[in-house]
């Protein structure tokens, strides 16, 4: 980033030609429309409006941001980079609804203060919380939740790891119960009187499993709030696949296969199925690398199997590029292959 500048989100109608773009802009299928640092022209702004983009990250002189501005900027940056995760037929309607719900939740002062604390202490953890909230809300929408329960999901998901950045003063007094981030988050959120009580419940129980093998209390399904599993699934998936600080543990496909192997013992089959129905890991048109070393282009999706789309192989050698038919592989039928 240019010295003396920071990234700030500005509504498209207020952007002047010559402004410097602060982050890459992606299309719904994950392709780069404009690179970071480009000087925006009138043509750029007109095209971006046609793509339905209404807010832009710009490089602006450093200033002191309020908690509200900090949270708004981080959320908008995340939203613009991840809206392609939803399946194509739902993306336009659902992205608009997700944006509306997030905006309503972020208007609450207590949410802004807690999220600004999270962002200031650990930006990577804050990005994780945004991803978990985004995916959890999508699962809730797939399961037919209306606006009020969805807002509860967003609040709880955004704050589920707050215990990792608050003071040890919020440790659980009974050391036999453990003094990890789940208890600290629970105790901290219990002091935030105007926040939804579900947030503290999820902070405490998002590592619990249906069979009682989780922590910190080892409780089983009948003692878990129904929305906890929605957030737990999103949390596990992002932890297995994120690349924020180091190489991810697993690819998207392997992470989902791993989670499926443990359902319904650890995870809700209903929530996991909803997750698989509403996300797409490899947008149509994207290039992928298969487990056999060959490359291909995703040409279609298999509903409910985001990790196993239909792929057209890219010819590798001269013989393949001349005269041979293009090979199409349906990964829902060929389980010997998977996408790296």
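The numbers here are math on the coordinates, done by the rules we state, and not lab data. Just so it is clear, the structure is predicted and the values come from calculations on it, not from any experiment. In this analysis, Cβ positions are derived from the backbone assuming ideal geometry, glycine residues included, and neighbour counts consider all displayed protein chains.
May I ask you to sort 251, 167 by Cβ crowding, counting other Cβ atoms within 10 Å and putting the fewest first? Don't jump to the answer; show the numbers that get you there.
Details: 251 18, 167 8.
Sorted ascending by nearby Cβ count, the order is 167, 251.
Sort 94, 183 so the one with the fewest other Cβ atoms within 10 Å of its own Cβ comes first. Don't jump to the answer; show the numbers that get you there.
Working: 94 18, 183 21.
Ranked by crowding around the Cβ, least crowded first: 94, 183.
Could you please rank 335, 188, placing first whichever residue has the fewest other Cβ atoms within 10 Å of its Cβ?
Working: 335 8, 188 23.
Listing 335, 188 from fewest to most nearby Cβ atoms yields 335, 188.
If you average 1/r over all unlike Cα pairs in segment 200-305 and invert the result, what Kirkwood radius do you get in angstrom? Write out the running numbers ahead of the final one.
On the way: mean 1/r = 0.0657 Å⁻¹.
One over the average 1/r among Cα pairs gives 15.2 Å for segment 200-305.
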